[in-house]
Structures are given as structure tokens and as C-alpha cells.
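First up is the structure itself, then whatever we jot down about it.
The values are calculated or read from the model by the stated rules, or taken from the named source; none is laboratory data. It should be emphasised that the depicted structure is a prediction, and the values quoted were computed from it without experimental measurement. Using ideal geometry, Cβ is built from the backbone for each residue, glycine included, and neighbour counts are taken over all protein chains shown.
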């Protein structure tokens, strides 16, 4: 049976062709990451330093990339729901393990710690891609959209309770571009999704105004029936205002409780401090930066979590706007080619998966880099290929590996 | 794999790509804004290289009496902290040591010690509760004290004549153990204070407030250049104000009555349960220190054999004595096992088994019925009465009145007293066994029976309101919780009448409690105890013409007879309530 399984799902020797447009920028990002980790931490020649560990993980990730090339693409299609089931079980089982720092994200087997929600990003994309691929046609629009959000919402909710708000948002966010890619209109999505964004946007009058402007803009360009357009507009307004009213009627300690519920690791004072330090570090980098290893902010340890969530602050200080430009261009190229290949790919499942993957990478970069300059609240999403962290690097390489696999096996 | 694939239109592809690039451009503009447009500002901050977060402690909530007289307020004091890493060889320890009154060697070792760990970047507390003069002198010498920080730190002050020591309680500095278990919401930090007793403890989440912070720019010489960005300042939020049910004037009177005695007095409004006055003596002086209670003072008081920290009103466990006869009378009236007119001949002694049980009046009271028995507090009557009842029934009626349970007042660690039931007695007297003889003492509120003054007050309130007493509370609130006790009107009327005769009848034991104005009812008690003279009890209430009521429970430890010591105090309280200016 095992033999059959391998025969059915593996290719050997695999096609190891590389898409330069995607792989080359990634290698550049890895080099920048390792340089920063090397210079910003002591004892970097030792294996258990930040640099040493991340280098080892990079090696492991490359091996994983190569192994993934031997899997036939239809393995993911045929087993998407089974993987999805395993994911749900794995996330639930994290609740059984001792929590680390107030959150239970890990499964521990002896010395190995494993964070299922990380690999889950990929699996959620597969499950949704299969669901959307298997649709015969695009009728019953709202039912499909709702079911899609339920499909990604269940693991998102479970992850959110761990609590890991950032990853939960990644699951939800990846759904939207995939639905659009499948052919649903933005206005359709708005009907289902809009009011929930209104709830969040209502926390800030400026955000809410921008959001409502966006709603109007979308309604104008997508030109739904007038009655539908009015319905969408009003429901968004109502959701937004009601939330504000309820929120304002709460006592401070109740509000605090909700905020802590949303993000228990949140320390309003601590997070504010981090943002200020981060902005100072980035701003003082100027156009060209102060040079590798010369960042005073980082060297003096005023910047917390400088290796993981706030690594972009170190880059901003030491390499300046030039470094930031390089990084954004790299990510731009990666995203551009992924979307391009998603279009070229001649099968629906692969195409949708690649769109899901690019959304994940895009969302991570946007939130992480936005958080460092105060555009987003601190959610603890790392920067792909750059932030320190083994499981995350590995999962990003798996995503890229599978993307490469889908591209290489385009016509099979 | 299905191949039902229609190709993706270019518009969709470019739509997504442009959306991504558009968001990246917004992101890029923000980086541009920081790194190019505001470069010099951030460069300046970075060169000076220290933005320090300075905590701004929130003042605790103010506490007022029911008429708006401040009982607990805050005053500004200052604390001195230092950032250890900024202390250099120019640091003038001499000035600092002089002003803070801490030996130089101690300061040096403290700072050097902190410099060994990563805590060297965090402010290190040197001394608290300094006044403004010390701070201004230190400020003048700021250039010689790199790394020094001054923060305003509000401290408690007690401006009122009423001490209210035990009701208010005190503060202590948080311990490591406390920090571990503290609620995350309240955000305690090291060196914070917290309510450790009384209302300060019970209402800690309300009183505490929310600390604020601001960011200061500190230059590379460690000199604080003040606030950095006003928009990043988070103002401290003052704790919530508490308005007490306490009446300042009555409280002062009650405290004076207890002066140099041991015991407790509590006054309340029976209908609402609002406590007008609560005192426990001996007490301690909240004004004898600033800020949290100093540890040495605390342990002194804690080991004092007079136990000044102990709130006798809610934690004092006393035999309730004859005051408990009221509850026993209710048992008789409700069960109807014996007629209220049933009478007993008291000749001063009651033989039970092979023991003689005495009435407090050696010569006896003669023929007494229930009303007389309460009026004269005749023991013999109750000895005979209890013969008609078993322990279980008696326990049930005592529990009805709340004996054996906490009253639920808004103070932490209230005691629940003791009404011995069968399980308890079986456990305690296993070897020797227990018998009806024990019940004879219990019915008089002696033996194993223990109650707090607050529980006695609750009984009075139930009687005064015909079983609809307000739950006892110390903080004003709009909704009144009611403790109900469903007895027949006949029962309530009878007990109230009997209590009337105690105070107003000829030779009633409570005649010394009779006020000049208003109608008082009550019951005295003289509780035997192993520590010497009996405890002196009075429990009762007064009703004014306008229907207003005030109930009182008084216990004077080893004071002697209730009729002689506690009853005259009640009179003064009743008179004060009625607005009579005599005595």
C-alpha cells in the first residue's frame, strides 16, 4: 500500500527547474537577513547564535524545497480535505499542551516543538482551492462565499483562541484574493465581508471614513443593482455605528477585558514603546543607513524583539531607505511573478493555490512592515524570509517549493 | 484533477498586481516620510539615543463620607529614581546621600548591583514620598546627577476627624508573591502599592486607577530633557471615587465612645443596610506614615497583643450572650410549640442532670412569661424553654437570622462566627460526648456559640424591619439588596414589643439606653468569657417620629454588665441620631 501511495503521488527524478523571478529575490532577502542577524548579535560564529541557528534552518529549508519537488501536484488536490481535518485536530491538540507565555501554539514531542498553525496557512489554502475548483459553476454566489469563509473561518477561530490573532487574520485574508481569482466580484464579497470590516474600522473615525469611501468607490465601479448597493452601504454604516455605540457604553475594565481577549500578549505601554523605538531607529537610518552593525538603537538593545518581529527596524536603521527599497522591490517581484504564474498555470487548483500563497506572503510583509512604522497595530506577524524563526522560514520555503512544483508540472 | 479551467482574464491579474503594488507604495511613502522628510528629527533622537518611558502613577480614588466630607484624599509626594546605566564617574553621590538621607555606600552598592543585569536600563527606585523642597534642591544639581529621574507620586492622606481606621484599611507595597497572582488587568508593576485591608482592599480594582506614562528625551550624558512627544503621553487615570454610607459626625462620636476601651460599635440603617458608623478599638494611626505601611511598623502592630490591626466589628468572635435570646424567642413564636403566655417560676436556679444552672439574678425573677423573660433577661425561662426543642431546630433558627454565615458586607475576610451543629459537636466532643447540657448554654449565647458584632447588628435589623433588612454595606449604591426572613407579623410584633419593654419598661435591663427623643428598643447582653470580666453587649434600634431608624450593636470587651456599660453608650448614639444636644 505504501508502495502504491508513492507510485501514485511521487515523481522521481523530479523536475528541478528554478523560476529565477521568484527564487533570486528570495535568496537576496535571505542574504540580507543573515547579514543582519550576524551583525546585530553577539557570538555569531557559534552554532547556537541567532545567525548560526537561522543558517541551519536555511539549510533545512532548502532540503525541504527539493523534497517537495518530488510530490505530484494532484496529491495536494486529492488530499486537501484530509489535510484540513488533520490541521483542525492538530490545532485543537495544541490546547492540551502547556502554554508558553500565555499562548498554546505548540505541539511538543520530546525536544521537537511544532507549530501546526504555521503549516496550516498552506493547508487552508489547499482546502479552499479544492472547494473552489470543485464548483461546477458560479451560481449561488453568496452561498459559496459564505461557505468559503466558514471553511477558512473555523481554523482561523481556533487559532485566534490560542491566541494568535496574526495567523488567524492570515487565514481570513487569503480567502479574498482566491475568491476574486475564481471569478467572484468584489461587490459580492462586500456584501458578505464588508460589515465585518466595518466593525473593525469603526474603532477609528478616520479608518471608518476611508473604509466607507472605499465601499462607495467599489459600489460605483462594480455597478450592482441600486437596491443592493443601498443595502450594502446601509448595512456597513449600521454595523459600524452599532459597534461604536456598544463599545462606548462599556466600562473601561470591560473594554480592557475585550482588548486583552483579542490579544492577551498586548501590553499597551510596551507596544507603544516598541513602536516609538522602532520609528526612531528607522527614521534615523535616513537614505543610506548608518551601516551594517552600526545601529546604535539596536546595538544598545533599546529595540525589543529586534531579531524577529522588528527586524525591519534594524534594516531601516542600518541600510536606510535604500535597504527598505531593496526589500520592497524583492517582495514586489516575488508577488508579481507568483500572480503571473498563477495565470499561466493551466489548472484551476494550482492556480488558486499560488494566489493563496502569494496573498499569505503579501499580507505578512504588509502587516509586518506597516507595524514597524505605526501604520498597523502590533500583531506579531514576522517578515517572510527575513525574520528570525525556524518553523516560519521552513513553512515559507514549503510554500515557495510547492509553487515551484506547480509551475514546473504545469501541464501534467 | 479537473480541467474545467477557463483562462484568467488579464484584467483580473493586473487588478490584483496593482492592488498589491498600491499598498506597497503607501507603505513606502511612510518609510520615506520617516527616513527622508523627518530624518533630522529622528536622527536627533537617535544621537541623543534615549527615549525613556517614565511612568506616571495614578492617584487612588478619593473616599468621601455620605455627606461628601473627604475621609481619604491624596497629596503629592515625589520619588527619586535613577537609570543605573547612566550613572558615570561624575555622579555626585554626596549630594544625593545628603538629601535622601541614605548612606553613600548603600547608594553605590545598590546602583552598581543593578548595573550588572539588564535591569540597568530600567529606572531603579531610590526613595519615595519626598517633599517638594528636596526635589527642587536635587533638581538644581541635576547636571551632577546623570540618570536621575523625579516622578510625582500621590500618597494617601486622611484629612477627617473620623479615623475610620479599620473600615478604610491600609496599603502595602506589592510583594513578589502578590505580583505573580495579581490580575493582569490591573497591570501591577514592581514597587506599586495595593490595598491590603478594609475598603482599600475590597475596592482595589476601582480605587487603583490606571497608571499613565510619558516619554522623555534623555541625552547621552544621562540628563533628562523632559517630555518628548506630547501625543504619546498617556495621562494617568485617577481611581474611582468612593462615597461611603458612613456618617462622619456619628463616626466621630462612636470613636470617642470607644476611646481607650476594647470593643466595637456599629450603627446602621436597618431598611437599607447602610452602615452609619463602624469602629473597632484599639486601632492604629493611619497618619503615622506616608504611603504604604512600613514593614517594621506593620509587624509591630501585627504582633501587639491588643491586636490593633484586627477589625473587631467583622472579625471579632464573641459569645453573643443574652442578645441571642431574641432569636430563641422567635423560634418559640414561630413554631408555636409553647404558648407565649406559658410562664415559668424563676427562683434563681435550675437543676439539670446533676448540675445547677443559675439565673444572673441570684434571688430569682419569680413568675415570668416570654415577654418578662426578655425584659429581665431571665435565664431560667430559657433553660426551661429549650427543653421543648432539639438542637437541629435551634440551629435552623439561628441560621435564619444569619448566625454562622457571613453577612456579605463589602469587606474582605469577614468571619462567619459559629453556631455549633451536630456534626461540629460530634467532632469536638467525641470522647466525652455532648448532651442537652450544652444546649442550655447555647440558648443563652454562651458555650461554643460565637458571633461577630456585625451579625448581631444584622439580627437587630431583621427585627426592626419585620424581616426585610437591607444587606449591610459600606459604600453607597443605588440598588439595595434585601435580606429577607419570612416570619409571621405576630412574631415580629411580639419581639419588638418585648424589646420596647427592655428599654422603656420599669426596671428593664436596657433602661439606661432610653434616649431623650425617639423610641428605642433593644436587648442587653452580658457574655461570660474565659478572659476575665464578662463582655458587655447592647443591641437595639431607635425610631424617630419621621420613621427614620438607626440600629446599633455595641460590645465592650470585659466591660461588665451590658445594662451598665453598653446601654448608656447606645443612649448617646440614639440621642445624636435624634439631634438631641445633651450629655
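Taken as a whole, region A:80-92 holds at least one residue that is surrounded by 14 or more Cβ atoms within 10 Å (Cβ to Cβ) and touching a strand residue (DSSP E or B) at 6+ places or on another chain (Cβ under 8 Å). If you go through region B:2-18 one residue at a time, do you hit one that is farther than 30 Å from residue A:75 by Cα, more than 8 Å from chain A (Cβ to nearest Cβ) and at pLDDT below 75? No, there is no match, as no residue in region B:2-18 is farther than 30 Å from residue A:75 by Cα, more than 8 Å from chain A (Cβ to nearest Cβ) and at pLDDT below 75. Taken together, the criteria exclude residue B:138 from residues that are in contact with a strand residue (DSSP E or B) (Cβ under 8 Å, 6 or more places away or on another chain), in a helix (DSSP H, G or I) and at pLDDT 90 or above.
Quickly run through region A:371-386 and pick out the residues that are surrounded by 24 or more Cβ atoms within 10 Å (Cβ to Cβ) and facing chain B (nearest Cβ under 10 Å). Scanning region A:371-386 gives a single hit, A:372.
One line per residue, one yes/no per condition, for (1) within 14 Å of chain A (Cβ to nearest Cβ); (2) touching a residue at least 60 places away in the same chain (Cβ under 8 Å); (3) in a helix (DSSP H, G or I); (4) crowded, with 16+ Cβ neighbours inside 10 Å:
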site	(1), (2), (3), (4)
B:41	yes, no, yes, no
B:44	yes, no, yes, no
B:78	no, yes, no, yes
B:106	no, no, yes, no
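Taken together, A:195, A:163, A:177, A:155 contain a single residue that is over 21 Å from residue A:80 (Cα atoms) and part of a helix (DSSP H, G or I), which is A:195. Scanning region B:188-204 for residues that are within 14 Å of another protein chain (Cβ to nearest Cβ), within 27 Å of residue B:476 (Cα to Cα) and either touching a helix residue (DSSP H, G or I) at 6+ places or on another chain (Cβ under 6 Å) or outside any helix (DSSP H, G or I) (or both) turns up just one, B:203.
Here B:490, B:514 are screened, and the one residue that is farther than 29 Å from residue B:63 by Cα, assigned by TED's automatic domain parsing to the domain that holds residue B:371 and surrounded by fewer than 17 Cβ atoms within 10 Å (Cβ to Cβ) is B:490.
If you go through region A:341-351 and keep only what is in contact (Cβ under 8 Å) with a residue 12 or more places away in the chain and either at the interface with chain B (Cβ under 10 Å from one of its Cβ atoms) or within 30 Å of residue A:292 (Cβ to Cβ) (or both), you end up with A:342, A:344, A:345, A:346, A:347, A:348, A:349, A:350, A:351. Quick check on region B:313-324. Is at least one of its residues crowded, with 23+ Cβ neighbours inside 10 Å, more than 40 Å from the chain's Cα centre (by Cα) and under 22 Å from residue B:525 (Cα atoms)? Within region B:313-324, not a single residue is crowded, with 23+ Cβ neighbours inside 10 Å, more than 40 Å from the chain's Cα centre (by Cα) and under 22 Å from residue B:525 (Cα atoms).
Within region A:211-230, the residues that satisfy the criterion of being surrounded by 12 or more Cβ atoms within 10 Å (Cβ to Cβ) and modelled with pLDDT of 80 or more are A:211, A:212, A:214, A:215, A:216, A:230.
Residues considered: A:176, A:200. Of these, the only one that is more than 14 Å from chain B (Cβ to nearest Cβ) and either surrounded by fewer than 16 Cβ atoms within 10 Å (Cβ to Cβ) or touching a residue at least 24 places away in the same chain (Cβ under 8 Å) (or both) is A:200.
Residue-by-condition table, conditions (1) part of a helix (DSSP H, G or I); (2) surrounded by fewer than 24 Cβ atoms within 10 Å (Cβ to Cβ); (3) at the interface with another protein chain (Cβ under 7 Å from one of its Cβ atoms):
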site: A:317; (1), (2), (3): yes, no, no
site: A:336; (1), (2), (3): yes, yes, yes
site: A:359; (1), (2), (3): yes, no, no
site: A:369; (1), (2), (3): yes, no, yes
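When you scan region B:550-558, do you find a residue that is in a helix (DSSP H, G or I), surrounded by fewer than 24 Cβ atoms within 10 Å (Cβ to Cβ) and in contact (Cβ under 8 Å) with a residue 40 or more places away in the chain, even just one? Within region B:550-558 (the criterion being in a helix (DSSP H, G or I), surrounded by fewer than 24 Cβ atoms within 10 Å (Cβ to Cβ) and in contact (Cβ under 8 Å) with a residue 40 or more places away in the chain), the answer is no, since none of the residues qualifies.
Residue B:372 - would you say it is surrounded by fewer than 22 Cβ atoms within 10 Å (Cβ to Cβ) and either in a helix (DSSP H, G or I) or not assigned by TED's automatic domain parsing to the domain that holds residue B:505 (or both)? So residue B:372 fits the description; yes. The single condition among (1) out of contact with any strand residue (DSSP E or B) (no Cβ under 9 Å at 6 or more places or on another chain); (2) more than 18 Å from residue B:93 (Cβ to Cβ) that residue B:143 does not meet is (2).
Within region B:278-315, the set of residues being touching a strand residue (DSSP E or B) at 6+ places or on another chain (Cβ under 6 Å) and assigned to a loop (DSSP other than H, G, I, E, B) comprises B:290, B:291, B:292, B:293, B:311. Beta carbons closer than 6 Å, at least 6 apart along the sequence or on distinct chains, pair a first residue in region B:141-157 that is touching a residue at least 60 places away in the same chain (Cβ under 8 Å) with a second that is surrounded by fewer than 20 Cβ atoms within 10 Å (Cβ to Cβ) and assigned to a helix (DSSP H, G or I) for B:150/B:135. Taken as a whole, the condition of being under 18 Å from residue A:176 (Cβ atoms), in contact with a helix residue (DSSP H, G or I) (Cβ under 6 Å, 6 or more places away or on another chain) and either touching a residue at least 60 places away in the same chain (Cβ under 8 Å) or in a loop (DSSP other than H, G, I, E, B) (or both) applies to residue A:224. Within the option set A:142, A:171, being buried (at least 19 other Cβ atoms within 10 Å of the Cβ) and either part of a helix (DSSP H, G or I) or within 14 Å of chain B (Cβ to nearest Cβ) (or both) holds for one residue only, A:171.
Does region B:384-396 include one or more residues that are touching a strand residue (DSSP E or B) at 6+ places or on another chain (Cβ under 7 Å) and in a helix (DSSP H, G or I)? The answer is yes; a qualifying residue exists.
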